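The values are calculated or read from the model by the stated rules, or taken from the named source; none is laboratory data. These numbers come from a predicted model, not from an experiment. Quick reminder, even Gly has a Cβ in these numbers, built from the backbone with ideal geometry, and neighbours come from all protein chains shown.
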Amino acid sequence: MMKAGTGNDAFSADTRIVADFNTDGWYGGLRPELKSHLLNAMDRIAVYPDKAEADLQSLLEKKSKLPVGSVLLTNGVTQAIYLIAQAFRGATTTIVGPAIAEYTNACALYEHQIRQLPREKVTDILQVETDLFFISNPGNPDGQVVEDTWLEKLISANRKHIFVVDETYIHFTRNASSLVPHLHRLPNVFILQSPARTACFPGLRLGYVLAQKALLEKIRPIQAPWSVSQLALAAGLFTEKNPEIFKFPLDNLLGDAFQLREKIKKMAEFKVYPSYTHFFLFETLTGTAAELQAWLIEKYGILIKDVSEMEGLTSGSCRITCRNELDNKLLLTALKKWSVI
């Protein structure tokens, strides 16, 4: 049975959501410049997206200083995960967790033999024993990171094994760096990225797979044609050509997230876990995550992420993504009320 994926839970709520702590990107919302660009690009949906796809792939390869054929555009990072699982059907696979359900769902669909590895044990291993090794850096939902220099050493020391490094949140931390600059000496790694979290368009579904050409050719032939829409490609091209528009105050965001964690930590009914990014895990010691999520929606219109079904987590496990000061204060007020119920 497949577990629920990482999509936003707002669609299932009958109450209007006024503060969305579920969404795991930058809370600033869609930039007006991008919205205007997409409206002007609407006529492009009348033709197939071949040229735009080639243009964006070429632009990404040049920006990343990679050879031609080193980038594959996908319908979100999720499609990339499923393509890799399909290409290595029946493999033995390690998934570092806690992790999003998509890794497990994709690998189970394609009959992998799955082993779960707690994130805190990653740095204890020197030799990988499975064909594939999935890791998100930073991790979702826990916000933990593995030092990129150590990760590179692990990949280099296990060249007969394939690594999938999901860097969806790499722009939301100061404690890890992308492996893309080292890709030329790492023939056994797929790197997954997406601009959707920083540019606030996850609904358009755009992901990037970066790898050496020989490895990428294992998944390129099995991707359905025209997997990425014209509007998603238009958003990707605009984002990559105008990076200054999509800058956000990372240090302020991380500082606010730290303060939010510290304030929740003072409430006896919650256990809060450290994080190196803008979202973090916490556990309600009163009731379950599902009950807390439903109560916050009903009473305050606040949406948090119930992650209790993720491997290795408890029935009280939730994830919060830091928002603006007003929303954070509303959440703290609500959690204090939960504390006295």
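Name the single residue that is farthest from TYR169 (Cα to Cα) among those in the range 238-258 being surrounded by 14 or more Cβ atoms within 10 Å (Cβ to Cβ) and polar (S, T, N, Q). Applying the filter and picking the extreme gives ASN242.
Residue check: TYR276 meets all listed conditions (1) within 22 Å of TYR27 (Cβ to Cβ); (2) part of a helix (DSSP H, G or I) but one, namely (2).
Within the range 123-145, restricting attention to residues that are of a type in the set (A, V, I, L, M) and crowded, with 16+ Cβ neighbours inside 10 Å, which residue is farthest from the chain's Cα centre (by Cα)? The selected residue is VAL128.
Just to confirm my filter: which helices (runs of 4 or more DSSP H) fall fully inside the range 28-122 and include at least 2 residues that are crowded, with 22+ Cβ neighbours inside 10 Å and of a type in the set (Ser, Thr, Tyr)?
101-109
When the residues of the range 133-154 are filtered to those that are acidic (Asp, Glu) and outside any helix (DSSP H, G or I), the one that is modelled with the highest pLDDT is ASP142.
Scanning the range 181-226 for residues that are without any contact (Cβ under 8 Å) to a residue 40 or more places away in the chain and in contact with a strand residue (DSSP E or B) (Cβ under 6 Å, 6 or more places away or on another chain) gives ASN188, VAL189, ILE191. Taking the listed residues THR130, THR173, THR123, THR168, the one that is of a type in the set (S, T, N, Q) and at pLDDT below 95 is THR123, with no other qualifying. The residue list LYS271, LYS299 contains one member that is surrounded by 15 or more Cβ atoms within 10 Å (Cβ to Cβ) and either more than 18 Å from ILE100 (Cβ to Cβ) or of a type outside the set (S, T, N, Q) (or both), which is LYS271. The selection criterion, being over 30 Å from PRO32 (Cα atoms) and either over 21 Å from the mean Cα position of the chain (by Cα) or buried (at least 23 other Cβ atoms within 10 Å of the Cβ) (or both), does not hold for LEU192. The single condition among (1) of a type outside the set (Ser, Thr, Tyr); (2) farther than 21 Å from LEU250 by Cβ; (3) within 13 Å of the chain's Cα centre (by Cα) that GLY203 does not meet is (3). The lone criterion from (1) part of a helix (DSSP H, G or I); (2) touching a strand residue (DSSP E or B) at 6+ places or on another chain (Cβ under 6 Å) left unmet by GLY312 is number (1).
Select from the range 138-160 the residues that are in contact with a strand residue (DSSP E or B) (Cβ under 6 Å, 6 or more places away or on another chain) and either free of Cβ contacts under 8 Å to residues at least 60 places away in the same chain or of a type in the set (Ser, Thr, Tyr) (or both) and list them in ascending order.
From the range 138-160, those in contact with a strand residue (DSSP E or B) (Cβ under 6 Å, 6 or more places away or on another chain) are 141-143, 155; that's our starting set.
Within the range 138-160, just ILE155 meets the criteria.
Say we look at the range 314-341 and pick out the residues that are among the small types (Gly, Ala, Ser) and modelled with pLDDT of 95 or more; which of these is nearest to the chain's Cα centre (by Cα)?
First, the residues of the range 314-341 that are among the small types (Gly, Ala, Ser): 315-317, 334, 339.
Next, from what is left, pick out any that are modelled with pLDDT of 95 or more: 315-317, 334.
Details: SER315: 22, GLY316: 22, SER317: 18, ALA334: 27 Å.
Across the range 314-341, the extreme among qualifying residues is SER317.
For GLU240, the criteria (1) in contact with a Lys or Arg (Cβ under 9 Å, 6 or more places away or on another chain); (2) charged (D, E, K, R); (3) outside any helix (DSSP H, G or I) hold in every case but one, which is (3). Sub-8 Å Cβ pairs linking a first residue in the range 275-288 that is among the acidic types (Asp, Glu) to a second residue that is part of a loop (DSSP other than H, G, I, E, B), at least 6 apart or interchain, are GLU283/TYR273; GLU283/THR314; GLU283/GLY316, ordered by first then second residue.
What do you reckon, is ILE264 surrounded by 18 or more Cβ atoms within 10 Å (Cβ to Cβ) and β-branched (Val, Ile, Thr)?
yes
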